[in-house]
Structures are given as C-alpha cells and as structure tokens.
C-alpha cells in the first residue's frame, strides 16, 4: 500500500504528525502494534503547552472520559513548607489530567476523522530506503511504501535500530513510578500536589486528580542519583507511609492494581533528528522536559513540526532534515538547556527552598510560577527574543467556553 507519509507509532507525537500532514494535503498511514484503547505508563498530566497543541489538533475534551481540568496546585518543599500555586483566571484551561488510556484513543479517533488510514495491531518489522525517493516499511500485515516516514516509536525506537542509528545501552535520564488510587480525599480528587522529598532530589512525588474520586500518584528519580531503579519498588511503600502524603490522600485511599515503572528520555538535541527521508519525533528524539519529566506537549509539538518541514521541503530531504533540526533547536533545545540548569539547583534542599520562597512571595509570583511550571510559555522564553510577542506572559488558556 502506498501513501505520501507513513507514521510509525500512534501515541501523541505520531497522531499529531499524522493529523498535521493530512491537513497539509498528504495521504497518511499511521501504524501501531497496539490496538486502542491501550494504557501507557504516564503521570497523565497535561500542561498548558500540551493543551494548546491538543486544541490546535481539534481535540474535544468531552471525547476523553477521564478529562479533568485543575485550577489549584500545591508544591511542598523538603522541610514541609507548602505553597499554593493557582492557575490564572484569564479564561480557559491551563492544566488538566487525562489517562493515556483515554487520551491516546481519542487522538487516534481524531486522526481517523481527519482522513488518516490507521493500522492498529500491526508490527513494523523492517524499514529500508530504496535510494530512489521511496521508503519501504515491512509490517506484520504486508508492505507499505511512501516518500517519507515519521518515526514516533518511543525512546527505544525500532526504526532507529533498523537504520543503524540507535545508541546501545541507552536507558533514559529519569525513571518514574506510577499507580492509580481510589477513594481519595476531596482535595486529592480536585487539586494537584507535588512534594520534593529530601531523600531523592531533584525527584518528586506527585498526586494528580482524576474523576470519580481517583488519582494518579507516583514519583520520579534521576538516574544519576544515589537511588537506583532497583530501589524504587522499596521506596514506594515508604513514600506512601509518610504522614504528609498519607494525609493528602486521605484515610480511605485504596491502591488499584499494581505499580508500574518506566524510563523517561530527556536529551533533546543530543540525538539525531532524522536521516534521509526518515524523521524522528517525541520520545524517539528524547523530547521530554529534563526538569519535570513532561513529554506530551513536546511530543505533540515535534510531530507537528516534522509534518510541516517535510511538506515544505518535500523533494529535498537534506533541506527538510536541516530545517527540522533548526526548528527543534529553536523550539525545544533552548528550553531543555534552561531546564537542565534549573535541575542542578533542585538537587539541593537549599535550592528547592529558595525556589519555593521566591514563588510564594506575592500573588503575582505564585500565579506566574504556575504559568511557567506548567509550560504556559517556554522555559527559556526570557532569553530567546525571537519568540517574544506582546502577550507572551498573559495569554488565555485553552478550550475557552464560547
């Protein structure tokens, strides 16, 4: 089967790339080995940046059963000092929670409605460049061909391996742990809680509310810290027994199912962004935020950027690759460097205390810290004049009522 673009991987990055390419007039085939809905281990949080991308794609929050807007965030430091970070009251949503089970399925449905051919339950077994302007993708259900391939197939991208571009032994910069919990307290069911625990800084514990008295709870650690991935399963019950976490979740909270862990790639700018007529997006290009572990907004944006650059430089792979790489650097790499710098400060208790003290100085600092933390504007915006605009710090949220 022939098309203009083959997208490998139907997560947020792949779905965004497929929808964007289709809107540009290209025929697109989206391939994923999973069948949807399927779970994806994640914190389920959606930043203001991710929400803007979802709104651009045309997603309707009502189509995502677990969608829950959040207006109040509480951040606690290593010594117990807690700061209330309210989301702006300028209209629209700045933060929301939605399970990946629901969100990813809704994005795949949106791709179908846009005209994308979706092949679920289909393994990709081979990717090869014919050298004549066509990429052949071998799958468990037959051969596909297209002038361009967008690989959105995760941090251990099989496409990278097939093209000989993988880095053996790569295990990500962060590791995270997640479990769902039910019957949580009224606050845990409606507000976000983040606490920087003194024994695994710059890591943190989170509690993200979901509908029906549920929450997504978990924690993340940096791989170069004293706590290893092996320690995580032993740290989990200890964390859940800590008084401030127990008090937040409430006395009736019940763990659901089993805990699950996953690695997070946070090294955008260090990996190749593509080769020939193949472009990498999302986790396949390590586009997560090194400070928070957030990756949905970055995945959606990188997918859109890839589709745009391919369409603009359709007949010139070198120009497309060069332009995509420069665009990624402009839109994501500067912010990654800023996050990496800030993460160094968060490795120390004093650094966290100073950050929270500055955040809590005034209502203005609290409100704007919330905007910055949840990517309402890019991390390094103040240092990248090319991205300045009149309302860069004061814009409304997404999905405003009409």
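What follows is calculated from the coordinates using simple rules that are stated; it is not laboratory data. All figures in this text were calculated on a predicted structure; none of them were measured in a lab. Note that we place each Cβ from the backbone using ideal geometry, even for glycine, and neighbour counts take in every protein chain shown.
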Legend entry - Residue list for the range 339-374, given a label point 7 angstrom along the Cα-to-Cβ vector of residue 270 and an amide N cut-off under 13 Å: 340-341
Inset, instruction - Mind running the shape call on the range 318-402? Use the C-alpha gyration tensor, a ≥ b ≥ c as the square roots of the eigenvalues: rounded below 1.5 for a/c, prolate if a/b tops b/c, oblate otherwise. - result: oblate
Inset, instruction - When a/c is below 1.5 the answer is rounded, else prolate if a/b is larger than b/c, else oblate, so apply that to the range 174-264 with a ≥ b ≥ c taken from the square roots of the Cα gyration tensor eigenvalues. - result: prolate
Legend entry - Cβ-Cβ FRET estimate between residue 344 and residue 171, R0 fixed at 30 Å, reported to 0.05: 0.90
Inset, instruction - Run through the DSSP bridge list for the chain and note the antiparallel percent, rounded to the nearest 5. - result: 70 percent
Inset, instruction - May I ask for the distance between the Cα centers of the range 253-281 and the range 360-389, given as a whole number of Å? - result: 25 Å
Legend entry - Residues of the range 91-105 with amide N under 20 Å of the 7 Å Cα→Cβ point at residue 389: 91-95
Inset, instruction - Using a 10 Å cut-off on Cβ atoms, rank the peptides 66-72, 394-400, 276-282 from the highest mean neighbour count down. - result: 276-282, 66-72, 394-400
Legend entry - Helix 12-23 axis, angle to the chain major axis (alpha carbon atoms, nearest 10°): 50 degrees
Legend entry - Crossing angle, helix 317-328 versus the chain [Cα axis fit, 0-90 degrees, rounded to tens]: 10 degrees
Inset, instruction - Could you tell me whether the range 1-102 comes out rounded, prolate or oblate from its Cα gyration tensor? Rule is a ≥ b ≥ c as square roots of the eigenvalues, rounded for a/c under 1.5, then prolate if a/b exceeds b/c, otherwise oblate. - result: prolate
Inset, instruction - Once you've got the GNM for the chain with C-alpha springs shorter than 10 Å, pick whichever of 246, 325, 347 has the biggest mean-square fluctuation. - result: 246
Inset, instruction - Sum -39500 (n - 2.57) across every DSSP H segment of at least 4 residues in the chain, then divide by the residue count to get the 222 nm mean residue ellipticity, nearest 500. - result: -9500 deg cm²/dmol
Inset, instruction - Measure out, as a whole number of angstrom, how far apart the alpha-carbon centroids of the range 300-347 and the range 35-109 sit. - result: 23 Å
Inset, instruction - Assuming R0 = 35 Å, can you tell me the calculated FRET efficiency for the pair residue 123 and residue 223, based on Cβ-Cβ distance, to the nearest 0.05? - result: 0.75
Inset, instruction - May I ask for the angle, rounded to the nearest 10°, between helix 296-312 and the longest principal axis of the chain, with both axes built from Cα atoms and the value confined to 0 to 90°? - result: 20 degrees
